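Below: one structure, written as structure tokens.
The values are calculated or read from the model by the stated rules, or taken from the named source; none is laboratory data. None of these values were measured; they are calculated from a predicted model. Don't worry about glycine lacking a Cβ; one is built from the backbone with ideal geometry, like all the others, and counts go over all protein chains shown.
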């Protein structure tokens with residue numbers, strides 16, 4: 001997967017482990033192009049016409065966007081109350097519970113009770129999980145809205161702290177809701193209408209449908225700028241001009257977030273110029289810093305202050321002008337220095353899938369997880385089994401013992417995650 005956006009499952013098996021037939025199927029699926037899905041019959045096919053949603057939807061100005069996360073002492077009273085609530089929760093958490101909140105996991109198959117996901121939620125305290133069609137999560141009997149909603153409620157009931165439950169819902173080539181609602185237009189098609197309200201309406205409709213499934217977070221919209229042909233991301237981008245991308249992605253984000261679904265801009269710092277599939281290695285973008293600022297980073301500059309994204313996803317790309325040695329999602333220069341300090345983003349940053357080959361060729365999942373938190377990420381995306389969660393938690397504890405991570409740094413991420421959960425009604 002990249003991203004939870006183009007999610008495919010590429011797993012590393014230890015020599016001692018014997019994959020079962022389900023895992024073999026999953027591994028074979030990962031050989032497809034990243035924008036495909038093993039179970040999506042529309043992969044690579046898009047309708048020529050946008051189907052306009054029929055429900056009555058609010059206008060873009062109908063509801064204010066949730067307040068962006070701030071932690072300064074001058075924050076207005078509602079935010080101070082939210083922070084106080086979060087800090088009270090943190091004060092009662094064990095270290096294991098705090099470290100668990102840093103993980104957003106996947107699961108294989110279509111069962112909850114007695115399976116690994118239930119243990120990850122109830123006993124390992126993970127912060128959330130992702131529904132992924134390519135992991136067979138929406139297969140019978142979970143190809144029915146009510147059954148998925150029951151699944152989500154059961155997981156929430158087992159969680160000590162309410163979960164972020166997310167998926168990648170963009171429309172077009174990455175349409176996780178296809179089994180429930182059929183075809184939806186891509187970002188490119190939405191922008192081609194020339195009407196940002198269409199983007200808002202699609203985001204609002206997706207939010208309504210996701211909430212029916214118990215999903216409270218969407219790993220969308222894509223804000224990569226289309227600058228290379230043929231584009232590796234296909235029609236998942238809103239356009240070639242950063243201002244156009246920010247306009248339409250911002251409208252889609254408003255449609256999500258004004259309807260109580262947390263959105264996630266991706267893929268920071270930008271994949272619009274890559275020429276190779278990130279599943280097969282680490283792409284390199286050799287742009288100058290000035291070009292990066294004017295193209296790839298421009299939508300983030302515009303949207304962080306204006307649209308207040310709940311989350312931003314960092315990704316596995318090498319941009320030597322920013323950091324010549326480390327992939328973006330493991331780079332402190334990219335996350336802490338650029339995204340946090342220069343661009344001023346103080347919300348939740350989550351990694352892309354840390355099992356992507358550009359990462360896994362060089363680091364184990366646990367090593368990458370530690371590096372990602374040191375770099376400034378909050379949520380680690382990648383583990384899909386109880387053993388992987390346990391190894392990551394142990395590695396984070398070891399990093400603390402070695403003074404590579406401090407409890408203050410852990411608390412910082414936990415605070416951001418819990419504050420987002422409060423602001424989007426996940427924590428009541």
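Go through region 380-427 and report how many residues are assigned to a loop (DSSP other than H, G, I, E, B) and touching a residue at least 24 places away in the same chain (Cβ under 8 Å).
Residues flagged as assigned to a loop (DSSP other than H, G, I, E, B) and touching a residue at least 24 places away in the same chain (Cβ under 8 Å) within region 380-427 amount to 10.
Need the failing condition index for residue 137 against (1) part of a helix (DSSP H, G or I); (2) at pLDDT 95 or above; (3) within 21 Å of the chain's Cα centre (by Cα), just the number.
It fails just one condition, (1).
Working only within region 333-346, note down all residues that are within 24 Å of residue 393 (Cβ to Cβ) and crowded, with 17+ Cβ neighbours inside 10 Å. Talk me through it step by step, then tell me what you get.
Quick first cut of region 333-346, residues within 24 Å of residue 393 (Cβ to Cβ) only: 335-336.
Correct list: 335 only.
Out of (1) in a helix (DSSP H, G or I); (2) surrounded by fewer than 22 Cβ atoms within 10 Å (Cβ to Cβ); (3) in contact with a strand residue (DSSP E or B) (Cβ under 8 Å, 6 or more places away or on another chain), what's the single condition that is false for residue 214?
(1)
Residues being assigned to a loop (DSSP other than H, G, I, E, B), more than 22 Å from residue 131 (Cβ to Cβ) and in contact (Cβ under 8 Å) with a residue 12 or more places away in the chain: count how many of those fall in region 219-257.
Total meeting the criteria: 13.
Name the residue that is farthest from residue 345 (Cα to Cα), counting only residues in region 59-110 that are modelled with pLDDT under 95 and in contact with a strand residue (DSSP E or B) (Cβ under 9 Å, 6 or more places away or on another chain).
Taking the candidates together, the pick is 66.
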